[in-house]
Each structure stands twice: as structure tokens, then as C-alpha cells.
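All remarks here apply to the structure that follows.
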Amino acid sequence: MSGEPVVARVGGGVAEFDAAAWDACAGTDDPFLGHAFLSALEESGSATAATGWRPLPIAIDGPDGAPAALMPAWLKSHSLGEYVFDHGWADAWERAGGDYYPKLQIAVPFTPVPGRRLLAKEPALAPALIAAAERLVEANGLSSAHATFIAPEQVSLFEQAGWLIRADSQFHWLNEGFGSFEDFLGTMSSRHRKSIRRERERAVEGLEIVHLTGSDLREAHWDAFWHFYQDTGARKWGHPYLTRACFSLLGERMADRLLLILALRDGRPIAGALNVIGAEALYGRYWGALEEVPFLHFELCYYQAIDAAIARGLSRAEAGAQGRHKLARGYRPVPTFSAHYLADPGFRRAVADFLERERAAVVHEIHALGEMTPFKRG
């Protein structure tokens, strides 16, 4: 397409794109960028205009009429479900007399997982997607555009376009060629090894732990997990982001990419953790329980995830946003990045000054947290 004018268009949703055409741009390594996952969020009523997530995917078509580049984008009427918190920015802009919402969000809804946000078959088209997002903001009088949880290799593309870069951190478990969980424990100090063994023993007393994926997943499993998810969602966010129908659609469309870990007491599920399997990582997504069992959260969400990642030869397990308690369980701090386009020059300068100070604090925090890991020294 070199030398030809680049024309971008805005779609009405991911679901209106042909699945194969979308995935030809998105690839298959990252399950959250696939048509199956994103269309399930839309069609289930989880990510729609009614919930504050109006789908606005940006596409650049190739000479054959099929998308050559795509950007998963949404018109947001609030800042929920993003995990990169800009409520302070919204308050400041609205106190100054502006309307912060709606804003353009370039992301995977409800999913704090780093990944590509510029899905281009040709690298030269990636900057054109960024420019299209800017034009969409300006043409519609939006306050801003936000690309969150950007894959590290794409951060520079946004930076080169003049977007403001924000840093934060998450906790990931890194597979150093371990053949078993005991191999992993061998990298820790004696005190931490003993502590984790005790936690695992206490967590599973009287329980059976099962791993379900692919054709083993049934509607009855989703019914059980829905109760767990509702309880956690109500306590954390006020109401769950995903509808019950979303789990059924995900089970229909990508069961082989899902790993549901359940704790059974006398054959009855009492707790569960849902993971998504990528080409290189296991992604912990949702958890919930009907009983309070000491250390069961750590067992299902962290230790069982490590077991599963080792068994599959995956390079890491990502445990989602926040949670310093993950450090003692062998998860390490890693940086995450987002990029922000603010239409008003004065607002942009104020935020840029804030981000410069915040980035320095994040670098310091990651270093400090790295000193708190349970691994042997020297």
C-alpha cells in the first residue's frame, strides 16, 4: 500500500467483521485480541453502549477490501473496567468546565493484560491507526483517547506520535525452565518454601481440585462459576462486568483457550478461577468462592496457575492487576504502559508534568518491590 492514500473507517462493532479477516490482523497468539473474545463481549451485552462501552473499531482496508489494519476501540462514558485510573484527570477537566466523557478507549474491555493495540499486517500502517484515532477525537469533540496495557514493543509508536506515556506495574510469574512446582520452590529461601508448602496443604484440606478445558467445560460449570464471579464482582466493582451469557459464548467459541480450575467439596464446586491460555502465557482472569477457606485464593489463582503454566511449557503466568501479596507467592513486578492523547494543549501540559513525576515513582517502586521477592540472594 506504499504511496497510496490511507483511508480509515470506523466500524459498528467487532462482531460485524468477518472473524477470519479480523484474526488475520490480530493473529492467534493473544486470545484477548481475537474475534471470538471481543465479539463475545459485545454480543453478550457486556461491552455495549448501554454499559458505557460503545464499540468503535477502527479499520484500514487493503486493496482486496479486507482489513489490513485494525484497532480495538470503544467510546467510553465512564472510566470503569479499565484498570488505568484517570478519575482524577476527569475531575480536573470537568472542574475547569470541560466534558471529559465520552472519551476514546483503545483497549480490551475489563482485561488488564498487556498486548498489541495496533493490529497491522504491515508495520507502516500502525502510525496511520494512531492518526485515525486522533482524527476521531478531534472530529467529534472528544476530550481524549487512551490506549491502555500496550505491548512494550508498541509503546514507541505512540510516543513518536506525541502521545503521553504512562507507566505502572503488575506481577507476573516467570518460568525459568522449571520442570515442576518443586523446581520453582527450589529458587526460594527455605522460609518461603516452607510457608508456601503449608499454604498449599491447608488450602486443599478436604477438597478436590480439578482443571477443566475444551470439551470438558459444560454449562453446569459456567452456572457454578457465575455464582463465584458475581460474588467477587459485587464486592470489587459494585456489579459484575460480564453477563452470564458471556461465559457461555466464550465456552462455545474458545473453550480450548480456557482453563477453569474448580475446588470441589464432596463433589460440589465451592470456588473457582478462570484462566485464558495464550501462546506464551497463562492469564488469570476471574475468581470467586462460596466458602471462606484459608489460602484457597492463593492456591487456585497463583499456585495452580503456576502448575498449569509449567505443564504447558508457557513462559509466564500473569495474575492481573494490583496485589502486593503476589510477591510472596513468587510473582515478580514488571512494568506496564499506556498512552494518552489529550486534545486540549493546556490540559495536556498539566498531565505531562504529572506523568513525568509518576513514572519516576513507578521505577522506584518496581525496584523496591523487586528487593522484596522471596528468592535466594546471590
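The values are calculated or read from the model by the stated rules, or taken from the named source; none is laboratory data. A quick note: this is a predicted structure, and the numbers were derived from the prediction, not measured. Note that we place each Cβ from the backbone using ideal geometry, even for glycine, and neighbour counts take in every protein chain shown. The accessibility values were calculated without ligands, DNA or RNA, using every heavy atom of the protein model including side chains. Shrake-Rupley method; radii C 1.70, N 1.55, O 1.52, S 1.80 Å.
Some notes on this structure:
- Flag if residue 320 is closer than 23 Å to residue 115 by Cα, touching a Gly at 6+ places or on another chain (Cβ under 6 Å) and in a strand (DSSP E or B): no
- Any chance residue 304 is under 22 Å from residue 215 (Cβ atoms) and not in a strand (DSSP E or B): yes
- Answer from 290, 282 - the residue that is under 23 Å from residue 81 (Cα atoms), among the hydrophobic types (A, V, I, L, M, F, W, C) and in contact (Cβ under 8 Å) with a residue 24 or more places away in the chain: 282
- Contact map, region 148-161: first residue free of Cβ contacts under 8 Å to residues at least 40 places away in the same chain, second residue open to solvent by 20 Å² or more (accessible area, probe 1.4 Å) and not in a helix (DSSP H, G or I), Cβ cut-off under 6 Å, separation 6 or more or different chains; pairs are 151/114; 151/116; 154/116.
- So residue 218, is it charged (D, E, K, R) and either open to solvent by less than 60 Å² (accessible area, probe 1.4 Å) or within 16 Å of residue 309 (Cα to Cα) (or both): no
- The one condition in (1) open to solvent by 70 Å² or more (accessible area, probe 1.4 Å); (2) out of contact with any helix residue (DSSP H, G or I) (no Cβ under 9 Å at 6 or more places or on another chain); (3) under 28 Å from residue 107 (Cβ atoms) that residue 201 fails to fulfil: (3)
- Hits in region 278-296 (condition: part of a loop (DSSP other than H, G, I, E, B) and not small (Gly, Ala, Ser)): 280, 290, 291, 292, 293, 294, 295
- Qualifying positions in region 158-174 - of a type outside the set (Phe, Trp, Tyr) and open to solvent by less than 50 Å² (accessible area, probe 1.4 Å): 161, 162, 164, 165, 166, 167, 169, 170, 172
- Of the residues making up region 137-157, those that are open to solvent by less than 30 Å² (accessible area, probe 1.4 Å) and touching a strand residue (DSSP E or B) at 6+ places or on another chain (Cβ under 8 Å) number 12.
- Number of residues in region 364-378 that are assigned to a helix (DSSP H, G or I) and out of contact with any Pro (no Cβ under 8 Å at 6 or more places or on another chain): the value is 3.
The rows are residues; the columns are (1) over 17 Å from residue 100 (Cβ atoms); (2) surrounded by fewer than 17 Cβ atoms within 10 Å (Cβ to Cβ); (3) aliphatic (A, V, I, L, M).
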site: 332; (1), (2), (3): yes, no, no
site: 340; (1), (2), (3): no, no, no
site: 349; (1), (2), (3): no, yes, no
site: 361; (1), (2), (3): yes, yes, yes
site: 365; (1), (2), (3): yes, yes, no
site: 371; (1), (2), (3): yes, yes, no
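- Selection of first residues in region 349-378 that are at negative phi and of second residues that are aromatic (Phe, Trp, Tyr) and part of a helix (DSSP H, G or I), restricted to Cβ pairs under 7 Å at least 6 apart or on distinct chains, gives the following pairs, ordered by first then second residue: 351/89.
- Near pairs, Cβ below 7 angstrom, 6+ apart or cross-chain, from region 30-55 (of a type in the set (D, E, K, R)) to any residue that is open to solvent by less than 10 Å² (accessible area, probe 1.4 Å): 30/115; 30/278; 42/13; 42/14; 54/74
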